[in-house]
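Remarks on the structure that follows.
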Amino acid sequence: TNSEALKTKGQSSENTNSEASKTEGQPSEDVKPAGDSTSASKTPAESETPTEPETPKSAAKIGEKAYPTVAAAIAAADGSESIVLLRDVTENITINKSLTLDLGKCTLSGDGTKTVVSISGKDVDVTIKNGTITGGNAPQGGGFNIQSGNVIIDDCIIKDNVAKSGGGGVYIAGSADVQIIGSEIENNSGSN
């Protein structure tokens, strides 16, 4: 090139300067033409947006053994190891033996037709911890209906449950001993 700038189509000579103007179709200095060997090429895997890990198909596990439902895990539990939720689950459960249910920061939602967690049984020790109980709709105890046993509810959120006569979030019968520790009970309702 010479010191006089090239003119682009339709440009007058008075708009030129000592830096060469680009002609139509010529790339700017910031853009590397396709096939430029100085640009790094990426494999398809590198250029794709990272995806979220796949949600487990199993609902819960005991140790390394996975179960399709929380009820199946409860049936298999012997109380020696915690049941741990693997994902958010919609299921109403009944507990009638000693065990620990670790919600794993997940949500156990009822199907809107009965209590989410019903607990009863002579001399049972039950701990439910680390998650959210929601979506219950029952005559008594939308979130929890605890008839008997020694029950600990630890670090849980019990919300948006409904009961027709009492205990929108938690209903406790006379023979149950219940401790609620570090938990929130909010936006539950009972018509009576």
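Odds and ends about this structure:
- Placing +1 on the Cβ of every Lys and Arg and -1 on the Cβ of every Asp and Glu, with no other charges, gives region 82-138 a dipole of roughly 20 debye about its Cα centre.
- Sequence ranges 56-66, 93-103, ranked by mean other-Cβ count within 10 angstrom, highest first: 93-103, 56-66
- For region 104-165, the Kirkwood estimate of the hydrodynamic radius, built from every pair of different alpha carbons, is 11.6 Å.
- Averaged per residue, region 102-192 has 44 square angstrom of accessible surface, using a 1.4 angstrom probe with ligands and nucleic acids left out.
- For G110, the shell of other residues with beta-carbons less than 15 Å away shows a net charge of -1, using +1 for Lys and Arg and -1 for Asp and Glu.
- Distant-in-sequence amide H partners of N92 (H built 1.01 Å from N, under 5 Å): D111
- For region 133-192, with all protein chains in place and a probe radius of 1.4 Å, 45% of the accessible heavy-atom surface sits on carbon or sulfur.
- Peptides 154-167, 177-190, ordered by how many other C-beta atoms sit within 10 Å of their residues on average, highest first, read 154-167, 177-190.
- Charge tally for C156 (other residues, Cβ to Cβ under 15 Å; Lys, Arg +1; Asp, Glu -1): -4.
- Estimated inter-spin distance, S80 and T113, nm [label 7 Å along Cα→Cβ]: 3.6
- Residues D123, D111 ordered from highest to lowest accessible area at a 1.4 Å probe: D123, D111.
The values are calculated or read from the model by the stated rules, or taken from the named source; none is laboratory data. Just so we're clear, the structure is a prediction, and the values are computed from it rather than from any experiment. Reconstructed Cβ throughout: ideal geometry from the backbone, glycine too, with neighbour counts over all protein chains shown. Areas reflect the complete protein model, heavy atoms only, side chains present, ligands, DNA and RNA absent. Shrake-Rupley method; radii C 1.70, N 1.55, O 1.52, S 1.80 Å.
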